[in-house]
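The values are calculated or read from the model by the stated rules, or taken from the named source; none is laboratory data. What you are looking at is a predicted structure, and each value in this text was computed from that prediction instead of being measured. Because the Cβ atoms are built from the backbone with ideal geometry, glycine has one as well, and the counts that use them run over all protein chains shown.
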Amino acid sequence: MERTLSIIKPDGVCKRLIGNVVQVFEDAGFRIAAMKMKRLSRGEAEGFYYVHKERPFFGELVDFMISGPVVIMVLEGENVIQRNRDLMGATDPREAAEGTIRARWADSKQNNIVHGSDAPESAAFEIGHFFSGIEIC
Ligand code: ATP
Ligand code: MG
């Protein structure tokens, strides 16, 4: 059994897609082990995306991530890290496979509705960034 961190980004919340995205995860058989809605502080968003801090889009990415509330979830299931990435689709919605979350609902490479951890190490870091042990059911 594996865990991953999922975020419905501000564009997903703004476009009223919380229910649609959660339905995709539940239909896939993932268990939602934790869930919270909050508006990230600049420090939280910078810390979360620190691996991208040298990238040219970092400032805009942080501005986007704090532009409105997000929904943060811990998803649990077998091979859930990769399976969640498969459901999300490629970063750029124009390259995302048909039927994926980003192909269906994303507007751009930045405004791409969801985040998902990409490896066990990043999942552990990201879950710890947002949830304490007692918040995970
Ligand atoms: P995420 O980490 O959010 O799940 P990802 O792993 O598909 O997405 P990353 O390469 O980790 O993509 O980039 C993190 C986020 O930074 C992307 O989801 C997107 O919002 C933004 N981003 C990535 N590349 C670009 C770019 N070239 N221009 C603008 N924004 C970008
Ligand atoms: Mg990533």
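For (1) within 22 Å of Pro120 (Cβ to Cβ); (2) among the aliphatic types (A, V, I, L, M); (3) at pLDDT 95 or above, each residue gets a yes or a no:
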| position | (1), (2), (3) |
| --- | --- |
| Gly29 | yes, no, yes |
| Gly43 | no, no, yes |
| Phe48 | yes, no, yes |
| Glu54 | no, no, yes |
| Val62 | no, yes, yes |
| Arg85 | yes, no, yes |
Answer residue from the stretch 35-66, given it is among the aliphatic types (A, V, I, L, M) and touching a strand residue (DSSP E or B) at 6+ places or on another chain (Cβ under 7 Å) and is farthest from Ile7 (Cα to Cα) among those: Leu40
Hits in the stretch 90-112 (condition: within 13 Å of ligand 2 (Cβ to nearest atom) and surrounded by 20 or more Cβ atoms within 10 Å (Cβ to Cβ)): Arg102, Asn112
Answer from Val24, Val62, Val13, Val71 - the residue that is without any contact (Cβ under 8 Å) to a residue 40 or more places away in the chain, aliphatic (A, V, I, L, M) and outside any loop (DSSP other than H, G, I, E, B): Val62
Whichever residue in the stretch 96-137 is more than 19 Å from Ile81 (Cβ to Cβ), without any contact (Cβ under 8 Å) to a residue 60 or more places away in the chain and among the polar types (S, T, N, Q) and, among such residues, is farthest from ligand 1 (Cβ to nearest atom): Ser132
Residue match in the stretch 29-41 (condition: within 15 Å of ligand 1 (Cβ to nearest atom), among the aliphatic types (A, V, I, L, M) and within 15 Å of the chain's Cα centre (by Cα)): yes
